[in-house]
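See below for the structure under consideration.
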Amino acid sequence: MTVNTDNLVSITEANQNFSRVARMVDENGSVIILKNNVPRYLVVEFNAAEQEQTAKEEDVREISKRLIAKNKTAYEVLAK
(Lines give C-alpha, C1' and ligand atoms only; values in the text may rest on other atoms or scores of the structure.)
Protein backbone atom coordinates (compact mmCIF):
# COMPACT_ATOMS: atom_id res chain seq x y z
CA MET A 1 0.00 0.00 0.00
CA THR A 2 1.38 3.39 -1.00
CA VAL A 3 1.06 6.06 1.67
CA ASN A 4 0.68 9.70 0.72
CA THR A 5 2.14 11.80 3.52
CA ASP A 6 -0.52 14.44 2.84
CA ASN A 7 -3.10 11.92 4.09
CA LEU A 8 -1.60 11.49 7.57
CA VAL A 9 -3.54 12.94 10.50
CA SER A 10 -2.85 12.71 14.22
CA ILE A 11 -5.53 11.11 16.37
CA THR A 12 -5.88 14.37 18.28
CA GLU A 13 -6.53 16.32 15.10
CA ALA A 14 -8.98 13.67 13.86
CA ASN A 15 -10.83 13.82 17.17
CA GLN A 16 -11.05 17.61 17.14
CA ASN A 17 -11.88 18.04 13.45
CA PHE A 18 -13.40 14.88 12.00
CA SER A 19 -15.20 16.82 9.28
CA ARG A 20 -11.77 17.76 7.88
CA VAL A 21 -10.77 14.08 7.89
CA ALA A 22 -13.99 13.18 6.05
CA ARG A 23 -13.28 15.89 3.44
CA MET A 24 -9.76 14.51 2.99
CA VAL A 25 -11.20 11.03 2.38
CA ASP A 26 -13.62 12.47 -0.18
CA GLU A 27 -10.75 14.22 -1.98
CA ASN A 28 -7.99 11.62 -1.68
CA GLY A 29 -9.74 8.29 -1.12
CA SER A 30 -8.25 7.51 2.29
CA VAL A 31 -6.69 8.97 5.43
CA ILE A 32 -4.32 7.33 7.87
CA ILE A 33 -4.75 8.33 11.50
CA LEU A 34 -1.59 8.21 13.59
CA LYS A 35 -1.48 7.32 17.27
CA ASN A 36 1.84 8.13 18.95
CA ASN A 37 3.25 8.86 15.46
CA VAL A 38 2.50 5.29 14.31
CA PRO A 39 -0.14 4.46 11.67
CA ARG A 40 -3.06 3.03 13.62
CA TYR A 41 -6.32 3.56 11.68
CA LEU A 42 -7.28 3.75 8.03
CA VAL A 43 -10.36 5.74 7.06
CA VAL A 44 -11.79 4.94 3.62
CA GLU A 45 -15.10 5.47 1.87
CA PHE A 46 -17.60 2.71 2.66
CA ASN A 47 -17.93 1.72 -1.01
CA ALA A 48 -14.17 1.28 -1.31
CA ALA A 49 -14.06 -1.00 1.74
CA GLU A 50 -17.01 -3.00 0.45
CA GLN A 51 -15.32 -3.53 -2.93
CA GLU A 52 -12.12 -4.75 -1.25
CA GLN A 53 -13.99 -7.41 0.72
CA THR A 54 -15.96 -8.79 -2.22
CA ALA A 55 -13.96 -11.24 -4.29
CA LYS A 56 -14.90 -11.56 -7.91
CA GLU A 57 -16.25 -14.95 -8.97
CA GLU A 58 -13.28 -15.42 -11.31
CA ASP A 59 -10.84 -14.80 -8.46
CA VAL A 60 -12.54 -17.42 -6.30
CA ARG A 61 -12.40 -19.97 -9.12
CA GLU A 62 -8.72 -19.30 -9.79
CA ILE A 63 -7.86 -19.64 -6.11
CA SER A 64 -9.86 -22.88 -5.90
CA LYS A 65 -8.08 -24.32 -8.93
CA ARG A 66 -4.68 -23.42 -7.50
CA LEU A 67 -5.49 -24.98 -4.10
CA ILE A 68 -6.83 -28.15 -5.68
CA ALA A 69 -3.73 -28.51 -7.85
CA LYS A 70 -1.40 -27.82 -4.93
CA ASN A 71 -3.15 -30.26 -2.57
CA LYS A 72 -4.23 -32.91 -5.07
CA THR A 73 -2.81 -35.81 -3.06
CA ALA A 74 -4.58 -34.73 0.12
CA TYR A 75 -7.89 -34.38 -1.72
CA GLU A 76 -7.48 -37.87 -3.22
CA VAL A 77 -6.87 -39.38 0.23
CA LEU A 78 -9.90 -37.56 1.66
CA ALA A 79 -12.07 -38.77 -1.23
CA LYS A 80 -11.48 -42.45 -0.29
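The values are calculated or read from the model by the stated rules, or taken from the named source; none is laboratory data. Given the structure is predicted, the values throughout are model-derived calculations rather than measurements. Accessible surface is based on the protein model in full, side chains and every heavy atom, while ligands, DNA and RNA are left aside. Shrake-Rupley method; radii C 1.70, N 1.55, O 1.52, S 1.80 Å.
Using only Cα positions of the chain, each an equal point scatterer, no hydration layer, compute I(q)/I(0) via Debye at q = 0.14 Å⁻¹ and quote the log10 values to two decimals.
So the normalised log intensities are -0.62.
On the accessible surface of the chain, probed at 1.4 Å, how many percent belong to carbon and sulfur atoms?
On the way: 3490 of 6980 Å².
Percent of accessible area from carbon and sulfur atoms in the chain: 50.
For the chain, what is the calculated [θ] at 222 nm in deg cm²/dmol (nearest 500), taking -39500 (n - 2.57) for each run of four or more DSSP H residues and dividing by its residue count?
Theoretical 222 nm ellipticity from helices: -17000 deg cm²/dmol.
Could you give the accessible area per residue of region 1-52, probe 1.4 Å, as a whole number in Å²?
The answer is 77 Å² per residue.
Among DSSP bridges having both ends in the chain, what percentage is antiparallel? Round to the nearest 5.
In the chain, approximately 65 percent of DSSP beta bridges are antiparallel ones.
Taking Cα pairs under 8 Å and at least six residues apart, what relative contact order does the chain come out at, in percent?
About 20 percent, as a whole number.
Using θ = phi - 60° and the Karplus relation 6.51 cos²θ - 1.76 cosθ + 1.60, list the HN-Hα couplings for region 36-45 in order, rounded to whole Hz, with x at every Gly or Pro.
Values, residue by residue: 6, 6, 10, x, 10, 10, 10, 10, 10, 5 Hz.
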